[in-house]
1. Between ALA114 and ASP16, what is the label-to-label distance in nm when each label sits 7 Å out along the Cα-to-Cβ direction?
2. Projected onto the charge dipole of the range 11-186 (+1 at Lys/Arg Cβ, -1 at Asp/Glu Cβ, origin at the Cα centre), which of MET71, SER164, TRP121 gives the Cα projection farthest towards the positive end?
3. Using a simple spin-label model with points 7 Å from Cα along the Cα→Cβ vector, what separation in nm is obtained for ARG167 and ALA61?
4. Could you line up ASP63, ASP127, ASP166 from fewest to most neighbouring Cβ atoms inside 10 Å?
5. Calculated from DSSP H runs of 4 or more alone, at -39500 (n - 2.57) each and per residue, what is the 222 nm mean residue ellipticity of the chain, nearest 500?
6. Taking the radius of gyration and the Kirkwood hydrodynamic radius from Cα positions alone, what is the Rg/Rh ratio for the chain, to two decimal places?
7. Rounded to the nearest 20 Debye, what is the dipole magnitude of the chain about its Cα centre when Lys and Arg each give +1 and Asp and Glu each give -1 at the C-beta?
8. Would you please name the GluC sites (Glu not before Pro) within the range 77-178 that are DSSP coil residues with at most 12 other C-beta atoms within 10 Å of their C-beta?
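All of the numbers you see were taken from the coordinates with simple rules; none came from a lab. Keep in mind it's a predicted model, so treat the numbers as computed, not measured. We place every Cβ from the backbone using ideal geometry, glycine too, and count neighbours over all the protein chains shown.
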Amino acid sequence: MTSTDDRRSKYRRFTDRRVNLMLKMYEIFFELPPGKDRNQKLITAIRDDFESNIAAFVKPAADGSASYNLMAADGGWTEIAPDSKFTGPGIESLVDTHKHAPGALTFTRVRRPAAFAANVWESLWHDALGEKSMALLSVETRTDKADRIFLWLVQTSYSREWNSQDRELAEEIAALLARAADKESDG
């Protein structure tokens, strides 16, 4: 039997990486009850796998406003409190883009898509994400019964092109999170 220190942390093949992360997530789901501790362990596992500077789960504010509350985060956010809200035109445009383009959305600061006005685009990278950022992968959970959440993977230190495998894995993670949330809302 090998210890956890002997396990390979970098995988040459995407399938090995995918299986490793999904097994970690299933272990967390089976070992911990729903709540902050489980969310924290999940987001840490995801950030470690994607090697992003920051990873976070955010959910729409309960008050019906256009803001989003931080559920769990891991990584380099220095000024973000556990009960932080994300709001502003950059966040609104990001969420609106998810309505028109389901699945994982990837952005780099240097390439502004037509869906964002120039000032809104700049606000997303400078203010809305809580820290100056260079790249973002955002995916929404598509739940049937439970409240939706977003998974954000943020690069602050350098620009990053998220590849198709990163997007595919993020979408698979979002599907698993949505399934777990719907199952928890049943009972």
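1. Result: 4.3 nm between the two label points.
2. Of the candidates, SER164 comes out farthest on the positive side.
3. In this crude label model, ARG167 to ALA61 measures out at 3.1 nm.
4. Numbers: ASP63 8, ASP127 16, ASP166 20.
So the residues, fewest neighbours to most, are ASP63, ASP127, ASP166.
5. Estimated from H runs of four or more residues: -13000 deg cm²/dmol.
6. Details: Rg = 16.3 Å, Rh = 17.1 Å.
When Rh is taken as the Kirkwood radius, the ratio is 0.96.
7. Values: 26 positive and 29 negative charges, 102 e Å.
Charge dipole, the chain, about its Cα centre: 480 debye, nearest 20.
8. On the way: sites: GLU79, GLU92, GLU122, GLU131, GLU140, GLU161, GLU168, GLU171, GLU172; in loops: GLU79, GLU131, GLU161.
Here the sparse-neighbourhood loop sites are GLU79, GLU161.
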